[in-house]
Amino acid sequence: MVGRCESVSSATCCETLMQHINITNVNRIAAELTKGKARQPTESAVARILDDLEQRGGLKGSDVANIVNASRPTVSRWKNGKASPPLATQTIIADLRYVVDRLSDFYTPAETRLWLHAKHPLLNNERAIDLIIAERTQEVLAVIERLDSGAYL
């Protein structure tokens, strides 16, 4: 590069050098992106939450699909990072994860799944899952707090 700049002005030389650096950087970045998954971000936050719901809450993709009123293949695409749910659905999934996280202190994943789908007297004989969908997660968490404090009989 230096040898080529001797016959032109200093400003032109700097401009040529900057273009070369930018092209080199673009080519390097493109090569890194096409190399494989090593440079790509790990799974999405939604995918991690869905994995957590399965591991800690016993909730399979079909359960999540029923809860958020989506198809099983759609939930699979979310889990594989090929699509992302709408914000309202992400909110339900996040609330569900928080509830599952709290319940995992007391129950196995299978028991947590059953707890979420069963009607509870302390929830006016409603299912926790229905309250979460209806944006009434705080009511569910209040019952879990009672469970945590030993007041749940």
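Computed from the coordinates by the stated procedures, all read-outs in this text should not be read as laboratory data. Source: prediction; values computed, not measured. So basically every Cβ, Gly included, is an ideal-geometry build from the backbone, and we count neighbours across all protein chains shown.
Taking residue 105, is it free of Cβ contacts under 8 Å to residues at least 60 places away in the same chain, of a type outside the set (Phe, Trp, Tyr) and part of a helix (DSSP H, G or I)? Don't jump to the end; show me each part of the working.
Working: free of Cβ contacts under 8 Å to residues at least 60 places away in the same chain: yes; of a type outside the set (Phe, Trp, Tyr): yes; part of a helix (DSSP H, G or I): no.
No: the conditions fail for residue 105.
Considering only the range 108-128, state which residues are free of Cβ contacts under 8 Å to residues at least 40 places away in the same chain, within 12 Å of residue 59 (Cα to Cα) and crowded, with 17+ Cβ neighbours inside 10 Å.
Residue satisfying the conditions is 115 alone.
Residue 82 fails exactly one of the following numbered conditions: (1) loosely packed, with under 15 Cβ neighbours inside 10 Å; (2) closer than 30 Å to residue 150 by Cβ; (3) among the charged types (D, E, K, R). What is the number of that condition?
Going through the list (1) loosely packed, with under 15 Cβ neighbours inside 10 Å; (2) closer than 30 Å to residue 150 by Cβ; (3) among the charged types (D, E, K, R), residue 82 breaks only (2).
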